[in-house]
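The values are calculated or read from the model by the stated rules, or taken from the named source; none is laboratory data. As the structure is a computational prediction, the values presented were derived from the model and not from experiment. Cβ coordinates were reconstructed from backbone atoms using ideal geometry, including for glycine residues, and neighbour counts include every protein chain displayed. Ligands, DNA and RNA are excluded from the accessible area calculation, which covers all protein heavy atoms including side chains. Shrake-Rupley method; radii C 1.70, N 1.55, O 1.52, S 1.80 Å.
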Amino acid sequence: MTRLGTAAHFLGQVLDPRTFESWDEPVVPRGDNDYLASLARARSAAGVDEAVLTGRGRIEGTDVALLVSEFGFLGGSIGVNTADRLTRAIHLATEQGLPIVAAPASGGTRMQEGTRAFVKMAEVARAVEQHKSSGLPYLVYLRHPTTGGVFASWGSLGQLTFAEPGALLGFLGPKVYRAVHGEDFPEGVQIAENLARNGIVDRIVPLPALRGLLATVLGHLHGGPVSEGSSPAPTGVVGRLSGAGSAWQSIQLTRRPDRPGVEELLRHAAGDTVELGGSGAGVLVALTRLAGTRCVVVGHRRHPAPGPIGPTALRAARRGMVLAEQFGLPLVTVIDTPGAELSAEAEEGALAGEIARCLATLTGVRVPTAAILLGQGCGGAALALTSAHTVVAAEHAWLSPLPLEGASAIVHGHPGLAADMATAQRVVAADLLADGIVDVLVGEHRLASGDAAGFCRDIATTAIAAISSQAARS
C-alpha cells in the first residue's frame with residue numbers, strides 16, 4: 001500500500017491512471033562515509049533514490065511535467081544531485097512544451113552539503129523563469145511541510161499556488177526559529193490557511209480535489225482557441241434604454257445594495273471560474289469562461305459591501321493583468337467602486353504608485369481588453385481599471401474624478417449640490433458615450449436590480465463581442 005504523504009501517493013491522486021513516465025536518471029552519491037551511509041538509509045526507508053521524483057503524465061488527458069518532493073528522503077531536502085534533477089526536468093518540460101505541476105514538501109536545502117547545495121536553488125529558479133517566459137504554466141501545490149530554500153525558490157514561483165490544508169509553510173522553519181531566538185514562532189502564522197487569507201496562496205485544496213482543479217486551470221491556461229468564431233464590434237447603444245431619471249438618479253441606482261456586481265456577473269454569465277488569492281481585499285481576480293470565452297476577469301468587489309480600494313487590491317488587480325498577458329488570454333476589467341482608500345496606511349503603501357502601475361500595465365498589454373463600467377466609477381481606483389481597448393458601460397453607470405459630494409465641496413464649499421455636479425461634470429454613461437469615453441452603452445430597460453441574471457448576461461455578451469472583434473483584427 002502506498003503511504004499517505006509520499007510522492008507516489010501524490011502522483012496516484014493527481015494523474016490519470018498508469019500515465020506517469022519517469023525522467024529520473026541514476027544519481028551518483030558523493031560525500032564522506034557518514035553522509036553516504038545516511039543516503040543509503042534514506043534510500044532504503046523511502047524506497048526512492050533522491051528527494052524528488054520528476055517525469056511526465058496526464059491530468060484528465062492533458063500532458064504535464066511533474067516535480068514532486070519525497071519528504072521521506074532526508075526530509076525532502078535539496079542536495080546538489082536533487083537540484084540538478086529538478087533543473088534538468090524543468091528544461092525538458094520547456095523543450096517539450098509541457099505545463100509543470102510542482103509539489104514540494106521539504107525542509108529546505110540539505111545541510112550535509114552546505115553552500116554547494118544552497119546556491120543550486122538559483123539554478124532551479126532560473127530554469128523556472130525560463131519555462132514561464134516561454135508562455136507555459138508553472139503551477140505549485142505546497143505540501144506539508146514546505147520551508148527554507150525550497151519555499152524561497154521553486155515553491156514560490158507559481159503563476160498559481162495551491163496548498164494542502166493545514167500545511168506548515170514558511171521561510172524559517174519553527175525548529176530553526178526556536179534555536180535562533182529561544183522562543184516559539186507565533187502560532188498560526190505559518191499555516192497554509194493564514195497564507196491564503198493574506199493572498200500568498202490562491203486556494204486551500206485537499207489532495208483528492210486537486211486533480212479536478214488542475215484540469216480546470218490547465219484548460220484555461222493551456223487550452224486550445226480562446227473562443228469559437230468572432231462577433232462584430234458592438235458600438236453605440238445595445239439593447240433598450242430605460243430612459244428614466246436624471247444623472248443623480250442614475251448614481252443613486254448604482255448605490256443600491258441589491259445592484260449586481262462582479263460576483264453576480266460571474267455567477268450568471270460565466271463558468272469554470274477559478275478565483276485567485278489576494279482577491280479578497282476589494283478586488284476579485286479570476287480565470288473564467290465569460291459568455292463562453294476563456295479570459296481573466298479583474299473587478300472591484302461589491303459584496304458584502306462596496307469599500308475603498310487600497311494598494312493591496314490594486315496589486316492583486318495588476319497580477320491579473322500580467323497573468324492575462326503571459327498566457328495570451330483576453331482581459332475583462334469590471335469597474336464598480338466608491339473610490340480609493342484614504343488613509344495613512346494607503347499612502348505608506350504607495351496607493352498613487354499602484355494606481356499608476358495598474359494604468360501603465362493595462363494600457364500596455366497586447367491581449368484584447370474590455371472594461372465594463374458596471375456601477376460606481378469613482379476616482380483613481382476606477383480609472384486604474386478603465387483604460388481598456390473597448391469600454392462598455394451599463395446605462396446607469398458613471399465615472400467621475402471624485403465622489404460627487406466631494407466635487408461639490410470643492411466647487412461650492414459644501415456637499416449639498418452633488419446632483420448639480422453630476423450633471424455639470426457629465427459623469428453618467430450617456431454623456432460618457434457622447435464624449436467618446438465609453439464605446440458601448442448597454443440599456444437597463446428592466447433595471448439591473450430587477451433582473452440581475454438578464455442584466456449580467458447582456459453586459460457580458462456585449463463585452464465578449466468587443467473582445468472577439470479585437471481578436472479577429474489582430
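Expressed as a whole percent, the proportion of Cα-Cα pairs in the stretch 187-247 lying more than 15 Å apart is 75%. For the stretch 1-105, the Cα-based Rg and Dmax, in that order, read 13.9, 46 Å.
Eigen-decomposition of the gyration tensor built on the alpha-carbon atoms of the stretch 179-282 gives equivalent ellipsoid semi-axes of 41, 25, 11 angstrom, largest listed first.
Averaged per residue, the stretch 241-317 has 35 square angstrom of accessible surface, using a 1.4 angstrom probe with ligands and nucleic acids left out. Quotient of the Cα radius of gyration of the stretch 379-474 and 2.2 N^0.38 Å, N being its number of residues: 1.24. Kirkwood radius and radius of gyration were both taken over the C-alpha atoms of the stretch 81-227, and their ratio Rg/Rh is 1.00. In this simple spin-label model, placing a label point 7 Å from the Cα along the Cα-to-Cβ direction at both residue 122 and residue 181 gives a separation of 2.8 nm.
Remark: the chain carries a charge dipole of roughly 580 debye about the Cα centre, counting +1 on each Lys and Arg Cβ and -1 on each Asp and Glu Cβ.
Of the two radii for the chain, the radius of gyration is 1.05 times the Kirkwood radius, both from the alpha carbons; that is the Rg over Rh value.
Between residue 446 and residue 356, the contour length at 0.36 nm per residue exceeds the alpha carbon distance by 28.7 nm. If you wrap the stretch 220-275 in the convex hull of its Cα atoms and look at it from every side, the mean projected area works out to 6.6 nm². For the chain, the relative contact order works out to 11 percent when only alpha carbon pairs closer than 8 Å and six or more residues apart are counted. Positive end of the dipole of the chain (Cβ unit charges, origin at the Cα centre): among 290, 422, 370, the Cα lying farthest that way belongs to 290. Cβ-Cβ distance of residue 241 and residue 343, R₀ of 41 Å, FRET efficiency by 1/(1 + (r/R0)^6): the value works out to about 0.60. Taking every Cα-Cα distance in the stretch 366-408 and sorting them into 10 Å bins from zero, the calculated P(r) comes out as 28, 51, 17, 3 percent.
Available extension along the chain between residue 411 and residue 472 is 17.4 nm, counting 0.36 nm per residue and deducting the alpha carbon span. Relative intensity of the stretch 236-389 on a log10 scale, I(q)/I(0) at q = 0.16, 0.17 Å⁻¹, equals -0.86, -0.96, per a Debye sum over C-alpha point scatterers of equal strength in the absence of solvent.
Computed from the C-alpha gyration tensor, the three semi-axes of the ellipsoid equivalent to the stretch 244-318 are 24, 17, 10 Å, from longest to shortest.
The spacing between the stretch 2-77 and the stretch 281-324, judged by their C-alpha centroids, is 37 Å. Helices assigned as whole DSSP H runs in the chain whose Cα atoms extend at least 18 Å along their own long axis and whose mean Kyte-Doolittle hydropathy is 1.0 or higher are found at 207-221.
When you count the other C-beta atoms within 10 angstrom of each residue and take the mean per peptide, 219-225, 456-462 line up highest first as 456-462, 219-225. So the label point goes 7 Å from the Cα of residue 134 along Cα→C-beta, right? Which residues of the stretch 65-91 then have their backbone N under 18 Å from it? Zone members listed by number: 65-68, 84-91. In the chain, helices alone account for a calculated mean residue ellipticity at 222 nm of -12000 deg cm²/dmol, with every DSSP H run of four or more residues adding -39,500 (n - 2.57).
At full extension, residue 24 and residue 44 could sit 5.4 nm farther apart than now, given 0.36 nm per residue minus the alpha carbon distance.
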